[in-house]
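Please read the structure below before turning to the comments.
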Amino acid sequence: HDDRYEALTPELLPERLGALDALTSRVGSAEGWQVEEVGDGNLNLVFIVRGQGAAVVVKQALPYVRLVGDSWPLPLTRAFFEHEALVRQAARDPGRVPEVLHFDRTQALIVMEFLSPHVILRGKLIAGERVEGVAEALGRFCARTAFYGSDLSMNAENKKADATLFLDNVALCDITEQLVFTDPYCKAERNHHTPELAPIVASLRADEAVRDAAQFMLIRFTAGPETLCHGDLHTGSIMCTDTETRVIDPEFGFYGPMGFDLGMLLANFLMAYFSQPAHRDSPDEMQDWLLSVVMETCATFENEFARLWTEERTGILFPARLGHGEAALRRLMAHIWNDAMGFCGCEMHRRCLSLAHNADFETISDTGLRARLEARNLEMGRQLLVARGQVPDASALVALAHEYNGK
Ligand code: SR1
Ligand code: MG
């Protein structure tokens, strides 16, 4: 059975993986294992294997989209890309991603460190819990991965070979191309939205400037291979304690714009922000904190990127012999920011309009209230798409969030 893929179950797992040193060295022999399937994401199986007072995670890809079922096949190769991305991220921002203990390409499975007592960040934000240092950790992660995977840092030959390798992550990119940039702006089979949003949805879909801007962001997504992006950096791909932040799940890894991950992440902080009034009677404090996280994430991104630009430029871009200074860095940062704002707008739209919604809004049972909060989010997303040039920095982004939250 070793050379044929087989989806695991908690019952099968000890028999299939019981001989693996990567597991037994951490959790003892298979007879003592307790195995639980805990995957609550859209795509994969996730098992926690406990034994001898320790635990590891076994993540296995399914040959289809878990959320939809076997009517939507999805290649197992995504586990390969996740593993490749994890290895690179671990080198570029040490300690930020889970340690990989074992990878099996045929079985599409990764054995990795069990993060405990970490929980998914999205759940913490809905519960009104703050995480110390979250903005610094994520701003640094975005800056380091953007910089080290790009032609600012990598040797050109290696970068081209790596970009070519990740070009094969076609199916996962296709999901983003459809669900993020296209489906939200038309009638599509898998779309759904809160019924009370119908007039806004109709007006967004009739707005040619919005559809146009989203397609231009799609051009940036498909034809801007600047760096290795995480590809799915939402608050469900981040696990935290009250003081520690880790990034998981880079199976959507692809070569794309340096502003992609930052823009997606900011959108998810903003959706947490807009949804707060439904989750607590006095949302102000949590909302203020979320906007401070937006500010701090951007400031850290900028500072870390500037530091790397100054101290570690070794690639073909802006070589020292051309004598570029501060002004060039500022122009590059503006380019990254402009992309980030466009991606941010698309992500804010798709989480309310296409297939994969987020719990921040989805868990609001009063659909009238949900629609009012989603409407603020959708309108701000529209503004980011069509007029992102008028949002030159994080302060302007936060001012816009205040404005739409008051509507
Ligand atoms: C069919 S997959 C839907 C979404 O889940 C993933 O986490 C990505 O965000 C994707 O767009
Ligand atoms: Mg995921």
Subtract the Cα-Cα distance of SER71 and ALA19 from 0.36 nm times their separation in residues, and report this length gain in nm to one decimal.
15.3 nm
Unit charges at the beta carbon, dipole of segment 1-126: most positive-side option, LEU115, LEU62, GLY28:
LEU115
Could you work out the local net charge near ILE200, counting Lys and Arg as +1, Asp and Glu as -1, over the other residues with Cβ closer than 13 Å to its Cβ?
+2
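Using the crude model of +1 on Lys and Arg Cβ and -1 on Asp and Glu Cβ, and no other charge, please compute the dipole size for the chain relative to its Cα centre, in debye to 20.
On the way: 38 positive and 58 negative charges, 170 e Å.
Computed about the Cα centre, the dipole is about 820 debye.
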Farthest towards the positive end of the dipole of the chain, among GLY315, ALA387, GLY41 and with Cβ unit charges of +1 on Lys and Arg and -1 on Asp and Glu, lies the Cα of ALA387
Taking Cα centroids, how far is segment 281-338 from segment 109-175 in Å?
16
Could you name the lysines in cross-link range of LYS59, using Cα to Cα under 26 Å and dropping any fewer than eight places away on the same chain?
LYS124
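Please state the charge dipole magnitude for segment 12-113, taken about the Cα centre, from unit charges on C-beta atoms (+1 on K and R, -1 on D and E), reported in debye and rounded to the nearest 20.
On the way: 10 positive and 13 negative charges, 52 e Å.
Result for segment 12-113 is approximately 240 debye, rounded to the nearest 20.
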Trypsin sites (Lys or Arg not before Pro) within segment 160-230: DSSP coil, no more than 15 neighbouring Cβ in 10 Å:
LYS187, ARG190
According to a simple spin-label model (label point 7 Å from Cα along Cα-to-Cβ), what is the distance in nm between ALA396 and GLU362?
3.4
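Taking the Cβ-Cβ separation of GLU403 and SER203 as r and a Förster radius of 22 Å, what is the calculated FRET efficiency to the nearest 0.05?
Working: r = 19 Å, r/R0 = 0.85.
So the FRET efficiency works out to roughly 0.75.
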Segment 119-405, relative contact order [Cα under 8 Å, separation at least 6], %:
30
At 20 Å minimum axial length over the Cα atoms and a Kyte-Doolittle cut of 0.0, report the qualifying DSSP H helices in the chain, or say none.
134-148, 208-223, 260-279
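Would you please classify the overall shape of segment 12-113 from the alpha carbon gyration tensor, given that a ≥ b ≥ c denote the square roots of the eigenvalues, rounded means a/c under 1.5, and beyond that prolate means a/b larger than b/c while oblate covers the rest?
Details: a/c = 1.92, a/b = 1.20, b/c = 1.60.
Taking the square roots of the gyration eigenvalues as a ≥ b ≥ c, segment 12-113 is oblate.
FYI, it's all coordinate maths here, none of it is from the lab. Worth saying up front: this structure is predicted, and the values here are computed from it rather than measured. Every residue, glycine among them, receives a Cβ derived from its backbone with ideal geometry; neighbour counts consider all protein chains shown.
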